[in-house]
Amino acid sequence: MAPVMLRSACRIHNLVKTQICVNLSCWSLSCGVLKQAGAQPCSSLRTWVSELMPEQQSGAGSALYTPPSGVRGMTSLDREAFAWTVNVPALRLPKQGLNQLVKSLKRVILQRPGMKRVVDIGGDDDHRLLLLDPGSVSSPTSFGDAETEVLGKFGVPLELQDYELQLTYENLKSEEVLRAVLPEGLDVTSGFSRVGHIAHLNLRDHQLPYKSLIGEVLMDKNPGVTCVVNKTNTIDSTYRNFQMEVLAGDGNMVAKVRENGCVYEFDFSRVYWNPRLSTEHERVVALLRPGDTVLDVFAGVGPFAVPAARRGCSVLANDLNPESHRWLLHNCKLNKAERRVRAFNMDGRAFIRGPLREELPALMRGPGRVHVVMNLPALALDFLDAFRGLLGPPETEGSPPLVHCYGFSKQDDPQRDVTERASANLGGPLEGRCSVHLVRNVAPNKEMMCISFPLPKEVLFSSETADDGSSEEPAPKRQRCEDTTD
């Protein structure tokens, strides 16, 4: 696959993610190009869509759902201020056969949150009014042939009536509320991730004066969300967590999530968890077979380790963050996987040159395949030099482990970039000996990649070793190992 096409696929996908989700033709184009490039669209859980494009806002429907101008600039949510009256078209339908008529007219029916589509007619028990979408119906000629036929079958005249409709805050979507509140001309888009009951935002500067209101709106419009937080700094490279402030809700940071058949619990404020990596976790776990061994260098709370153990693999899982280590142990027990997992709380380099090196010779001679997972994309490629001379000469028998190492790339050819960086850190060429997978587009011109390769024996059994302190990782901590069977 040409590098230009892969980069183009990433840019198209990133562009589409910033537009309203009903733009299905562009989404299909993005997915199609990505599949041609041998990649998958990211498994984003972004559930708050972007501001509508101008052409999507035009027409009778958009003006209909514009709240009173008095809500503009509101910083403390006043739900009662979102109340106004509009006129919409309606059809008088017989009560008998109503269900069939409603089903047949689904295309033109008014669809709004918390709103009845069928209303009573005072003094007429035999008929009901069906409210229609003014963006779809402006005259009797707006009905299609099939719709006209079914109306004729029930003797319904094509006579539209005006219905005075009371709209409230309950009838608005979150993006409509925010577009009405924030100053005109400013972007209202702000994607969020859903982590259990927590909605996690990355607000922009111009949105910060409205942060409390935004938090309340998100809780109102997303059932099950009871806490909204805003990220206030970048990820700490040491423990992979970040500072956050509670915008709305109970402030409970202990989340419970389900992913790929497993259940995880953790304190979201003190560990790293990215719901957009669910597809990648599933992809790698699908490569495993019962009897394989997984050596997870940066295990977090267990999104690779736990499902691998449940699949019948033996797992050595490590993380530097004491909180991640604690929740890893908890999640192993929660998923009844503790007998197959040994958990360590160490620096990644110390784990490679300690427990991993001790176990590897016997594992290589065993019947199962050995997989090394290194999911710390900001730094993992720099840790590959820890494998230089790991077992030292002389070379012994056995199949070398298969490494899955993650990294970010901002280059025009991310596949070539991560291959060259991995080769440089290993001290041996990987061209033609590896596969590179596009995990997801993280930001404009920034991709998360996974490079997989059998660890070259000339590296593993080399007489040259890297300096133990050559990575950007903080100084190794005292080893702490716990069998989760304890």
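Model label sites at residue 74 and residue 186, defined 7 Å from Cα along the beta-carbon direction, differ in position by 1.6 nm.
Mind giving me the FRET efficiency for residue 250 and residue 83? R0 is 22 Å, r the Cβ-Cβ distance, nearest 0.05 is fine. After rounding, the FRET efficiency stands at 0.20. Only lysines eight or more places from residue 231 in sequence, or on another chain, were considered; those with a Cα closer than 18 Å are 211.
Given R₀ = 35 Å, what would the calculated FRET efficiency be for residue 362 paired with residue 410, taking r from the Cβ atoms and rounding to 0.05? Walk me through the numbers before you get to the answer.
Numbers: r = 40 Å, r/R0 = 1.15.
After rounding, the FRET efficiency stands at 0.30.
For residue 457, the aspartates and glutamates whose Cα falls under 18 Å of its own Cα, not counting residues fewer than eight places away in the same chain, are 358, 359, 385, 395, 397, 431.
Which net charge results when you count Lys and Arg as +1 and Asp and Glu as -1 among the other residues whose beta-carbon is under 12 Å from that of residue 335? Numbers along the way, then the final one.
Working: positive: 258, 310, 311, 333, 336, 339, 340; negative: 259, 265, 338.
Counting the neighbours of residue 335, the net charge comes to +4.
Note on 395, 323, 80: ascending count of other Cβ atoms within 10 Å places them as 80, 395, 323, the fewest first.
In summary, the lysines within cross-link reach of residue 333, defined as a Cα separation below 23 angstrom excluding same-chain residues under 8 places away, comprise 256.
May I ask you to compute the full-extension gain from residue 339 to residue 168, defined as 0.36 nm times their residue separation minus their alpha-carbon distance, rounded to one decimal in nm? Each step should come with its number before you reach the end.
Numbers: separation 171, 0.36 × 171 = 61.56 nm, distance 5.50 nm.
Taking residue 339 through residue 168 to full extension adds about 56.1 nm, to one decimal.
Cβ-Cβ distance of residue 258 and residue 231, R₀ of 30 Å, FRET efficiency by 1/(1 + (r/R0)^6): the value works out to about 0.80.
Once the piece of chain linking residue 99 and residue 279 is laid out straight, how much longer is it, given 0.36 nm per residue of separation minus the C-alpha distance between them?
Length gained, residue 99 through residue 279: 60.8 nm.
Of the trypsin sites (Lys or Arg not before Pro) found in the stretch 133-226, the ones in coil according to DSSP and having at most 14 other Cβ atoms within 10 Å of their Cβ are 204.
Every read-out reported here was derived from the displayed coordinates using simple, explicitly stated rules and does not represent laboratory data. Fair warning: this is a prediction, and the values are worked out from it, not measured in the lab. Note that each Cβ is placed from the backbone with ideal geometry, even for glycine, and that neighbours are counted across all protein chains shown.
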